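The structure appears right after this line, and notes come after that.
The values are calculated or read from the model by the stated rules, or taken from the named source; none is laboratory data. As the structure is a prediction and not an experimental result, all values here were calculated from the model. Note that each Cβ is placed from the backbone with ideal geometry, even for glycine, and that neighbours are counted across all protein chains shown.
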Amino acid sequence: MITLAINASSSLLNYPQNSLRFGLIDIKPVEVSESLKLGHVKFRTRIVKLEPTKPITSFEELVTLENSTIFSSITIPSWFNAQELVSAFSKRSVDRFEHDTELKQVIENLKRRDRKGPFSTFVQFMKERFESEKESYLETEAKRFLLSNLPLSFYNKFTVFDNTYYDFLKVVESIVRSHEFLARYARNTQKRFP
């Protein structure tokens, strides 16, 4: 029989990437046509935006739906109740968020800025936070390995995930910064050529 020690402070519960995955579950593509005037020349562009099919109104709803999706996509032993697992993991995530004053402050600042401040500060905050805790994630996986009889290759996948997620954060930061630069450039160009 395989035993697995699930740590209450599991590193996966700390990751915001689950929100990204969750955000891709219920979306629909919407084609939007926009006009851009550069000097005396008008350009028409077509872009595809992604919109949610049902709005999420609270963080608790977000993590509950996310955990329901996760637990419905994996095989759970018969002695576990999937709905109780969803409730326990969701409650743990909500409690963590409620006690994470630093993250709540950054989110409040992001809401207050009315799209005038740079979004890159939020992305940079998330990347720096991950960087500062990266070693503890590795230690958590090592402790889990020592407390279980699962093969080391199982826990190596978590380490690969950590490294991949860190690379993902760096790419997102780069993309957001370039979009902010292009948006500033477009605003400045429009001011010069009304």
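Worth pointing out:
- Here Ser72 does not qualify as under 17 Å from the mean Cα position of the chain (by Cα) and either surrounded by 10 or more Cβ atoms within 10 Å (Cβ to Cβ) or farther than 30 Å from Ala183 by Cβ (or both).
- Residue check for Ser136: surrounded by 10 or more Cβ atoms within 10 Å (Cβ to Cβ), out of contact with any strand residue (DSSP E or B) (no Cβ under 7 Å at 6 or more places or on another chain) and modelled with pLDDT under 85: no
- Selection status of Glu66, under 17 Å from the mean Cα position of the chain (by Cα) and either part of a helix (DSSP H, G or I) or of a type in the set (A, V, I, L, M) (or both): yes
- Every listed requirement among (1) surrounded by 14 or more Cβ atoms within 10 Å (Cβ to Cβ); (2) charged (D, E, K, R); (3) at pLDDT below 80 is met by Lys127 save one, (3).
- Verdict on Val123 being in contact with an Asp or Glu (Cβ under 7 Å, 6 or more places away or on another chain) and within 28 Å of Gln105 (Cα to Cα): yes
- Checked against the criteria, Val106 counts as surrounded by 13 or more Cβ atoms within 10 Å (Cβ to Cβ) and either modelled with pLDDT under 85 or among the charged types (D, E, K, R) (or both).
- Of all the listed residues (Ile70, Ile76, Ile107), the sole one being within 13 Å of Phe59 (Cα to Cα) and either hydrophobic (A, V, I, L, M, F, W, C) or in contact with a Phe, Trp or Tyr (Cβ under 7 Å, 6 or more places away or on another chain) (or both) is Ile107.
- The helices (runs of 4 or more DSSP H) located wholly in segment 85-194 that include 3 or more residues which are among the hydroxyl-bearing types (Ser, Thr, Tyr) and without any contact (Cβ under 8 Å) to a residue 12 or more places away in the chain occupy 152-192.
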